[in-house]
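One structure is given below, encoded as structure tokens.
The values are calculated or read from the model by the stated rules, or taken from the named source; none is laboratory data. This structure is a prediction, so every number in the text was calculated from the model and none was measured. Reconstructed Cβ throughout: ideal geometry from the backbone, glycine too, with neighbour counts over all protein chains shown. We work out accessible area using only protein heavy atoms, side chains counted, and drop any ligands, DNA or RNA first. Shrake-Rupley method; radii C 1.70, N 1.55, O 1.52, S 1.80 Å.
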Amino acid sequence: MLELHDLPLVYKEGVYSVVDLSQDTGGDSAVSFDYDAQYQILDYDIPVGQERRQMRSYGVLEGELVRTLRAVYGKDGILQKISAVLKGRETLLYIRYESREAAKEKIRRFAIRNADAMIGQIQQCTDVVARLFIDWYCDGDNMDYHAVIGTAAQTEAVRQKYRDEDACDNSGDYPSEYIEGDNKMLITMVRCAEGHPSEIFRYAAEIMTEHIEKYALAALRKTEDFKFICEEYD
């Protein structure tokens, strides 16, 4: 594998590949990488305010990473973004925010776009729906946000199987596939922002949930006892 050199935090304005940046700078003045080829795990550290934060990406293919890793430097020479095209999708690895307020606004706008992507998938369901679940989780390092549809037939099957009405309100009892937006992008944006990641993720989750509730439900064919259930799981 071609060595992944450190990316300096300050360089000349422009967009650079791995080959373009061929000299390690090391220390707190650069983003350094550690790639585990056996498990396809990329570890690296990023500047967040005055601190450093550890980041990890899974399922990173070696060849794609080397070929497509890009670092973007602004007019002031400061590193603005790191990305790579992984599995055919541009994947954000780092983004720099001008301020906490700018971070919050960018995360808000992305949360709405992410929710819109999920709404599009939800509205493809043509069956009568009895439950729409929003499940989310965050412990600071690990984060997840997804939706699960429970059709009327599935809800009745759960009711008959467990003989317990409460089981119908548990998304884990339904066979439907998870409906997701771009969780990787959301997680990176959250962890690149100053402040506690869990609080910032909850902020994004609230925005997405409110947007989904407002715009997804009207297009669904719903039972009389339909429920929209949003819960944090552990």
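With a simple spin-label model that places each label point 7 Å from the Cα along the Cα-to-Cβ direction, the separation between ARG89 and GLU206 comes to 2.7 nm. With label points built 7 Å along Cα→Cβ from the Cα atoms of TYR162 and ARG113, find their separation and express it in nm. Rounded to a tenth, the inter-label distance reads 3.7 nm. Here the relative contact order of the range 148-209, from alpha carbon pairs under 8 Å that lie six or more residues apart, stands at 28 percent. Annotation: GLU180 carries an accessible surface of approximately 80 Å², with a 1.4 Å probe and no ligand, DNA or RNA atoms counted. With contacts taken as Cα pairs under 8 Å and at least 6 residues apart, the range 98-234 reaches a relative contact order of 41 percent.
When only alpha carbons are used to place a centre, the range 113-158 and the range 167-208 end up 11 Å from one another. Relative to the longest principal axis of the Cα atoms of the chain, the long axis of helix 100-122 lies at roughly 40 degrees.
What is the range 1-115 by shape, rounded, prolate or oblate, if you read a ≥ b ≥ c off the alpha carbon gyration tensor as root eigenvalues and call it rounded for a/c under 1.5, prolate for a/b larger than b/c, and oblate otherwise? Note, shape of the range 1-115 comes out oblate. Subtracting the Cα-Cα distance of TYR39 and SER17 from 0.36 nm times their residue separation leaves 5.6 nm of extension gain.
Projecting the Cα positions of ALA153, LEU86, PHE133 onto the charge dipole of the range 44-203 (unit charges on Cβ atoms of Lys, Arg, Asp and Glu, taken about the Cα centre) puts LEU86 furthest along the positive direction. Accessible area ranking (1.4 Å probe, heavy atoms, ligands and nucleic acids excluded), largest first, for TYR94, TYR39, TYR233: TYR39, TYR233, TYR94. How high is the FRET efficiency from GLN124 to VAL10, r the C-beta distance, R0 35 Å, rounded to 0.05? Taking R0 as 35 Å, the efficiency between GLN124 and VAL10 is 0.15.
Seen against the Cα atoms of the chain and their longest principal axis, helix 197-215 is set at about 40 degrees.
Accessible surface of the range 3-73, 1.4 Å probe: 45 percent of it comes from carbon and sulfur atoms.
At R0 = 35 Å, how high is the FRET efficiency between GLU177 and LYS214 if r is their beta carbon distance? Nearest 0.05 is fine. Working from the Cβ atoms, E equals 0.90.
The count of lysine pairs in the chain that are at least 8 places apart or cross chains, and whose C-alpha atoms lie under 26 Å apart, stands at 19.
The Rg/Rh ratio of the range 187-233, with Rg taken over Cα atoms and Rh as the Kirkwood radius over Cα pairs, comes to 1.13.
Look at the alpha carbon pairs under 8 Å that are at least 6 residues apart: their mean separation over the length of the range 47-161 gives a relative contact order of 12 percent.
The accessible surface of the range 167-210, taken with every protein chain in place and a 1.4 Å probe, is 46 percent carbon and sulfur.
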